[in-house]
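Asks: My questions all concern the structure below.
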Amino acid sequence: GEKTQEIMDQIRREVAMQNFQELLSQINKKCFAKCVPKPGAKLDSSEQTCLQRCSDRYQEAWNVVSNAYLRRAQKE
């Protein structure tokens, strides 16, 4: 019934959040490796800009994929 649906929705949200956390840590690793080849005590402005652009691109891709996924899930 309705309770089951609520539980399923909550599980879906938690899985989505975990996926997003996982994605963020992957993005951080990849972007950091790409943008900061020789890590120093702090990031310079070009490294910060690079990291920002890099993670923005990943998040845009994530949004496109998750929106497509949501649309498909709603049709079913």
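Asks: When you have a sec, figure out the Kirkwood radius of the chain from all distinct Cα pair distances and drop it here in Å to one decimal? Mind dumping the intermediate values first?
Replies: Numbers: mean 1/r = 0.0680 Å⁻¹.
This gives a value of 14.7 Å.
Asks: Rounded to the nearest 20 debye, what is the charge dipole size of the range 2-75 about its Cα centre when +1 sits on each Lys and Arg Cβ and -1 on each Asp and Glu Cβ? Please list the in-between numbers first.
Replies: Details: 13 positive and 9 negative charges, 57 e Å.
Here the range 2-75 has a charge dipole of around 280 debye.
Asks: Nearest 10 degrees, 0 to 90: what angle lies between the long axis of helix 45-75 and the longest principal axis of the chain (Cα atoms)?
Replies: On a 0 to 90 degree scale, this one is about 10.
Asks: Turning to a different aspect of this structure: Towards the positive end of the charge dipole of the chain, with charges on Cβ (+1 Lys, Arg; -1 Asp, Glu), say which of L51, S66, Q21 has the farthest Cα.
Replies: So the residue we want is L51.
Values quoted throughout were computed directly from the atomic coordinates according to the rules given, and no laboratory measurement underlies them. As the structure is a computational prediction, the values presented were derived from the model and not from experiment. With ideal geometry, Cβ positions are generated from the backbone for all residues, glycine too; neighbour counts draw on all protein chains shown.
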